[in-house]
Each structure stands twice: as structure tokens, then as C-alpha cells.
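First up is the structure itself, then whatever we jot down about it.
The values are calculated or read from the model by the stated rules, or taken from the named source; none is laboratory data. Keep in mind that this is a model prediction, so the values were computed, not measured. Heads up, the Cβs are rebuilt from the backbone with ideal geometry, glycines too, and the neighbour counts pull from every protein chain shown. Protein only, heavy atoms only, side chains kept; ligands, DNA and RNA dropped before computing areas. Shrake-Rupley method; radii C 1.70, N 1.55, O 1.52, S 1.80 Å.
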Amino acid sequence: MKSILEISNVKIIPYIILFVSILFSISGQLLMKYTMSHTDEGLLDWVFLQKLALAVSVYCLGIVNWILALRSVKLSIAYPLTSLNYVGILFGSYYFFNEVITLTRIAGVITIFLRYSFSSYSSEKAYINFSIVNSTKPIRT
């Protein structure tokens with residue numbers, strides 16, 4: 001018989017992979033910004049290409065983790081969670097690039113996050129209601 005810890009770990013691993021995907025995505029985007037902001041020699045400089053390859057590789061790790069997470073997590077749940085990218089980019093750009101966080105930006109990020117959260121919740125209910133309506137009506141051709 002499996003312990004409760006073993007059962008809960010199996011269910012939480014896809015969500016851990018999803019959050020790792022979000023972290024890699026945020027990191028990759030911040031690295032791309034850093035790489036493009038610190039380009040003095042030109043776009044064909046060897047050091048620049050190495051930094052850019054690292055940034056794109058980190059971002060690609062996010063994509064790979066995203067694909068792995070989608071094996072077990074419903075897209076209607078996973079996609080709204082990716083709006084956490086906006087939060088991570090907001091704070092990352094403040095910390096690493098000294099960008100100003102205004103109340104308007106905070107309100108925008110909160111709005112985006114809530115919009116995705118509510119849309120996933122309401123779309124799932126709409127799907128359930130749609131399937132109930134369609135199952136009772138005959139299809140006419």
C-alpha cells in the first residue's frame with residue numbers, strides 16, 4: 001500500500017514541472033534582454049553569440065518542460081498559470097534592469113493574471129454546460 005506522501009508526490013510532479021517551465025521562461029527572457037542590452041561589439045561577435053545561445057537555450061528548456069507538463073496537466077489549468085511570467089518579468093526587470101514599477105504596471109499584471117484565471121474557470125464551466133446542451137439535442141443535417 002502506498003503512503004499518502006507517495007500518492008501526493010505523483011500528482012504534484014507535473015505542477016512542479018510546470019513551475020520550472022515558468023522559471024526557465026522568465027530566466028530565458030531576462031537573459032535575452034541582458035544580452036541585447038549589453039551588445040557593444042556587434043551582432044556577429046563571438047561573445048555575444050555565446051550569450052545569446054545561452055539565453056535561447058534556457059528559454060528552450062522552458063518549452064521542453066512546458067511540453068512535459070502538458071502530458072499530465074490540463075491545458076485549461078496550465079495556460080493561465082503561465083501568466084505568472086508577467087509577474088516574474090515585472091520583478092526581474094525591476095531587480096536586474098532598474099526598470100520602474102508603477103501602479104499602472106502592477107494593475108496591468110494583476111488584471112492579466114485575473115483575466116486568465118477567470119477565463120479558465122469560466123471556459124471549463126461553459127464546456128460542461130455546452131456538452132450537456134448538445135447531448136440532449138439531436139444533430140440535424
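Applying the selection to the range 58-83, what residues are assigned to a helix (DSSP H, G or I) and among the β-branched types (Val, Ile, Thr)?
Passing the criteria: VAL58, ILE63, VAL64, ILE67, ILE77.
At pLDDT below 80, in a helix (DSSP H, G or I) and in contact with a helix residue (DSSP H, G or I) (Cβ under 9 Å, 6 or more places away or on another chain), is that true of TYR86?
In short, no.
I'm trying to understand the selection: among the residues of the range 31-53, which are polar (S, T, N, Q), part of a helix (DSSP H, G or I) and without any contact (Cβ under 8 Å) to a residue 12 or more places away in the chain?
Once the filter is applied, which keeps residues that are polar (S, T, N, Q), part of a helix (DSSP H, G or I) and without any contact (Cβ under 8 Å) to a residue 12 or more places away in the chain, the range 31-53 yields only GLN50.
Could you check how many residues of the range 93-116 are open to solvent by 80 Å² or more (accessible area, probe 1.4 Å) and within 26 Å of THR35 (Cβ to Cβ)?
Count: 6.
Search the range 76-91 for residues that are more than 19 Å from LEU30 (Cα to Cα) and pair each with any residue that is open to solvent by 30 Å² or more (accessible area, probe 1.4 Å) and of a type in the set (D, E, K, R) when their beta-carbon atoms are under 9 Å apart and the residues are at least 6 apart or on different chains.
SER76/GLU124; ILE77/GLU124; PRO80/ARG115
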